[in-house]
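Only one structure is covered here, and it is reproduced in the block below.
The values are calculated or read from the model by the stated rules, or taken from the named source; none is laboratory data. Given the structure is predicted, the values throughout are model-derived calculations rather than measurements. Ideal geometry is used to build each Cβ from the backbone, glycine not excepted, and the neighbour counts take in all protein chains shown. Note: accessible area is taken over every heavy atom of the protein model, side chains too, but ligands, DNA and RNA are not part of it. Shrake-Rupley method; radii C 1.70, N 1.55, O 1.52, S 1.80 Å.
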Amino acid sequence: MEKKIRVAVAGAKGRMGREVVKMLGQDPSLEFVAGIDSKLTGVDVGEVLGGKPLGVPMVDSLEEALLAFKPDVVVDFTTPSQVYQNMLLCLKHGVRPVVGTTGLSPEEIEEIKQICVDNELGAIIAPNFAIGAILLMKFASMAAKYMPHVEIIELHHDQKLDAPSGTAIKTAEMIATARNDIQQGHPDEKEILDGARGADYNGFRIHSVRLPGMVAHQEVLFGAIGQTLSIRHDSINRESFMPGVQMAIKAVVSLQTLVYGLEHLID
Ligand code: NAP
């Protein structure tokens with residue numbers, strides 16, 4: 001039998017972390033070895049999540065978990081303020097991170113890429129693990145070549161800490177590489193209320209909506225003479241991200257570089 005991939009989960013008691021723990025329990029090729037979350041050292045992860053004991057402890061320090069449980073992979077769904085330090089720590093210990101936490105700056109991503117190359121270690125950062133969202137990004141970049149007038153609207157639950165979403169930024173980057181630079185809208189337009197036109201990205205706009213009841217949604221709107229095109233993706237629950245996380249864990253163990261975006265793992 002093939003050796004199981006040992007996986008620790010940073011942010012295991014968070015909304016996404018809980019789903020990852022559930023997914024790991026259902027995949028016989030993956031072994032859940034530790035959960036990392038604040039102030040819970042020693043407590044069984046299953047009990048923390050309100051279920052049966054799993055025989056896997058919660059640890060409040062990532063470094064302790066890396067030393068004690070020797071995971072092959074750390075899945076990180078923590079917070080924008082924590083994720084960069086977590087990635088550095090994983091790579092320092094030769095452990096491959098699979099990161100869904102958003103909020104990393106382009107400079108941090110560049111630095112992590114260099115550390116991966118220098119140490120021949122794999123890492124995956126995916127602003128969105130939902131396959132449908134990846135397809136949306138691909139379709140949007142195809143459309144932007146022919147319909148360069150575009151705006152992005154992303155909608156999330158009201159507990160999200162960063163705006164715009166990592167997915168919206170990644171979508172904007174992909175659109176920008178396919179679209180000829182143009183400044184959209186009327187050259188003399190004035191915002192009567194600050195922020196009314198959203199954030200500017202290379203001459204087009206990104207709008208962030210935060211409401212209870214939402215999970216993660218994004219619409220990309222294109223306009224041209226006499227026609228519009230709307231491409232929309234909805235994650236209606238957090239399970240939608242799990243097949244992508246599963247795919248990334250299995251891919252990262254044989255990578256020796258940073259992969260930024262799940263689109264690089266699917267044809
Ligand atoms: P959440 O419910 O707030 O969970 C974050 C968890 O991380 C909390 O339990 C928090 O504990 C814990 N945490 C904070 N600092 C930590 C540290 N130093 N070490 C270990 N754990 C720590 O947030 P969420 O909704 O799960 O989202 C997490 C991240 O994933 C966000 O950045 C979100 O935007 C992103 N996300 C990505 C995707 C994707 O597909 N890539 C999908 C959904 C969400 P405390 O509460 O005790 O601080």
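In the neighborhood of V45, defined by Cβ-to-Cβ distances under 12 Å, what is the net charge if each Lys or Arg adds +1 and each Asp or Glu adds -1?
That works out to +1.
Cα-based Rg of region 5-123 per 2.2 N^0.38 Å, rounded to two decimals?
1.01
For region 131-236, go through all pairs of different Cα atoms, get the mean of 1/r, take its inverse, and jot down that Kirkwood value in Å.
Here the Kirkwood hydrodynamic radius works out to 14.2 Å.
For the chain, modelled as a GNM with alpha-carbon contacts under 10 angstrom, which of K113, K39, K170 fluctuates the most?
K39
Roll a 1.4 angstrom probe over the protein heavy atoms and tell me the percent of accessible area of the chain that is carbon or sulfur.
Carbon with sulfur: 54 percent of the solvent-accessible area.
Positive end of the charge dipole of the chain (Lys, Arg +1 and Asp, Glu -1 on Cβ, about the Cα centre): tell me which of I266, S141, T228 has its Cα farthest that way.
I266
Using only DSSP helix segments of four residues or longer, with each worth -39500 (n - 2.57), what per-residue ellipticity at 222 nm results for the chain after dividing by its residue count and rounding to 500?
Dividing the helical sum by the residues of the chain leaves -10000 deg cm²/dmol.
Local charge sum around L62 (other residues, Cβ-Cβ under 11 Å, Lys/Arg +1, Asp/Glu -1)?
Computed value for this residue: -4.
Quick one: of K4/K170; K22/K70; K4/K113; K39/K113; K13/K52, which pairs are farther than 24 Å apart, Cα to Cα?
K4/K170; K4/K113; K39/K113
Around M142, under 13 Å between beta carbons, what's the net of Lys plus Arg minus Asp minus Glu among the other residues?
+2
Calculate, for the chain, the solvent-accessible area per residue in square angstrom, rolling a 1.4 angstrom probe over the heavy atoms of the protein chains.
For the chain, the per-residue accessible area is 50 Å².
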